[in-house]
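Q: Quick one: structure below, then a few questions.
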Amino acid sequence: MINNKEYAKIVGRNLRRIMYDREVSQAQLANDLKLTKSTVSSWMNGYRTPRMDKIDMLCNYLHCKN
């Protein structure tokens, strides 16, 4: 079974890959979605996992299925 720490790392890796594919920077994502840069960084580095409402927002912004 996967623990929260591993889950956060998986989410971070996927977010980083999708942002790279879409050519979206951390600063651009943070600015467009009215998030702090530190929040985006903590998600991308696997320190924290976004809440479901933020996952929905990220999926809509990055044109992914949620």
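Q: Between the stretch 46-64 and the stretch 5-19, how many Å separate their Cα centres?
A: The stretch 46-64 and the stretch 5-19 have Cα centres spaced 10 Å from each other.
Q: Got the relative contact order for the chain handy, in percent, Cα pairs under 8 Å and 6 or more residues apart?
A: Averaging sequence separation for qualifying contacts and normalising by length gives 40 percent for the chain.
Q: Next question. So how much slack lies between Q28 and N14, counting 0.36 nm per residue of separation and subtracting their Cα-Cα distance, in nm?
A: Between Q28 and N14, full extension yields an extra 3.3 nm.
Q: Let me ask something additional. To the nearest 20 Debye, how big is the dipole of the chain about its Cα centre, given +1 on the beta carbon of each Lys and Arg and -1 on that of each Asp and Glu?
A: Taking the Cα centre of the chain as origin, the dipole is about 200 debye.
Q: Also, quick follow-up: Quick check: at a probe of 1.4 Å, how many percent of the accessible area of the chain sits on carbon and sulfur atoms?
A: Whole-percent figure for carbon plus sulfur exposure: 51.
Q: How many Å² of accessible area per residue for the chain, probe 1.4 Å?
A: I get 73 Å² per residue for the chain.
Q: Here is a further query. How far is it, in nm, from the label point at I55 to the one at T36 when both lie 7 Å from their Cα along the line to the Cβ?
A: Label at I55, label at T36, 2.3 nm between them.
Q: Any lysines with Cα under 17 Å of the K37 Cα? List them, leaving off those in the same chain fewer than 8 positions away.
A: Excluding near neighbours in sequence, the set is K54.
Q: So for the pair M1, Y47, with labels modelled 7 Å out along Cα→Cβ, what separation do we get in nm?
A: Each label point is offset 7 Å from its Cα along the Cβ direction, giving 2.8 nm.
The values are calculated or read from the model by the stated rules, or taken from the named source; none is laboratory data. Just so it is clear, the structure is predicted and the values come from calculations on it, not from any experiment. Positions of Cβ are backbone-derived with ideal geometry, glycine not excepted, and every protein chain shown enters the neighbour counts. Ligands, DNA and RNA are excluded from the accessible area calculation, which covers all protein heavy atoms including side chains. Shrake-Rupley method; radii C 1.70, N 1.55, O 1.52, S 1.80 Å.
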